[in-house]
1. Checking residue 192 against (1) within 28 Å of the chain's Cα centre (by Cα); (2) modelled with pLDDT under 95: exactly one of these is not met. Which one?
2. Here is a check on your reading of the model: is residue 11 at negative phi, modelled with pLDDT under 90 and under 22 Å from the mean Cα position of the chain (by Cα)?
3. When residue 134 is evaluated against the numbered criteria (1) in contact with a Pro (Cβ under 9 Å, 6 or more places away or on another chain); (2) open to solvent by 30 Å² or more (accessible area, probe 1.4 Å); (3) touching a residue at least 60 places away in the same chain (Cβ under 8 Å), which criterion, by number, is the only one it fails?
4. Does residue 148 satisfy the criteria of being of a type outside the set (A, V, I, L, M, F, W, C), free of Cβ contacts under 8 Å to residues at least 12 places away in the same chain, at negative phi and surrounded by fewer than 17 Cβ atoms within 10 Å (Cβ to Cβ)?
5. Which pairs do you get when a residue that is closer than 12 Å to residue 82 by Cα, found in the range 44-71, comes within reach of a residue that is of a type in the set (Asp, Glu) and crowded, with 22+ Cβ neighbours inside 10 Å, reach meaning Cβ atoms under 7 angstrom, with the pair 6+ apart or on two chains?
6. How many of the residues in the range 180-193 are surrounded by fewer than 21 Cβ atoms within 10 Å (Cβ to Cβ) and in a helix (DSSP H, G or I)?
7. Would you confirm whether or not the range 119-127 contains a residue that is farther than 19 Å from residue 139 by Cβ and either at pLDDT 95 or above or open to solvent by 10 Å² or more (accessible area, probe 1.4 Å) (or both)?
8. When the range 72-100 is examined, which residues are found to be open to solvent by less than 10 Å² (accessible area, probe 1.4 Å) and assigned to a loop (DSSP other than H, G, I, E, B)?
Amino acid sequence: MKHRILACTLAACCGMAAAECPPYVKGTTGGDYTSAEDREGLSVVEKFHFSRAVETLTQGMTSSLGGDISYTLEHFPNHHRALASMAKLGLRLKSAQPPGARYTVSCFFERAIAFAPHDVTARMVYGSYLLATGQDAAALEQLDTASRLAPEQATIQYNLGLMYVKKKEYEKASAHAQKAYALGFPLPGLKNKLKAAGKWREPPPAPAVVEAKEAPKTEEPAMPPVEEPSGE
């Protein structure tokens, strides 16, 4: 119920501003946040508009929080941390378009994805925002696309597992859970949800690897890098 009310509130606000979402046009400063060449101008933008205080929604630098984050995203539309901060600000204020922001939260994500469609992180953050506002179908679409682009990204697999648990599609949830944990995801929330539903199965032990003409090695195998948790 809480998500439905929030989604309705945001949707009502979005309706008023939906027509105002022009595509991003690259200027002299800005561009693709994932491009080393484009990021040459990033420090200038962040120095005056995206401090740690802005990112954590503590205090704006030159204007309101919405204004400073908006300015950052107007120059680097797929700035991952700025997108996450804009989403959190919208959720905190229960507003589709926080004060000072030029566009709606969803518009900033749409501009980012249109400009950099292969940016998996932008899609993943958008999926989390959509999920938080009760837009499950749209969230699943973003996470599915992210999964196809980066099938070995543990956080995506974990969040997809959570989505399918919510939909009670436990076979799919279990498959994504097994992959997420095999890739090193550290949080047990998804496993616990599957256990509570009686759908968790412990993965089979990994087969021992024995090199030819050598005894089995006894040291611990190297673990894959652990993604920064964003799920439960």
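1. If we test residue 192 against (1) within 28 Å of the chain's Cα centre (by Cα); (2) modelled with pLDDT under 95, just (2) comes out false.
2. Yes.
3. (1)
4. So residue 148 fits the description; yes.
5. 49/68; 50/68; 54/68
6. Qualifying residue count for the region: 6.
7. no
8. 76, 77, 78, 79, 96, 98
The values are calculated or read from the model by the stated rules, or taken from the named source; none is laboratory data. Source: prediction; values computed, not measured. All Cβ positions, glycine included, derive from the backbone under ideal geometry; neighbour counts span all protein chains shown. Accessible surface areas use protein heavy atoms only, side chains included; no ligands, DNA or RNA. Shrake-Rupley method; radii C 1.70, N 1.55, O 1.52, S 1.80 Å.
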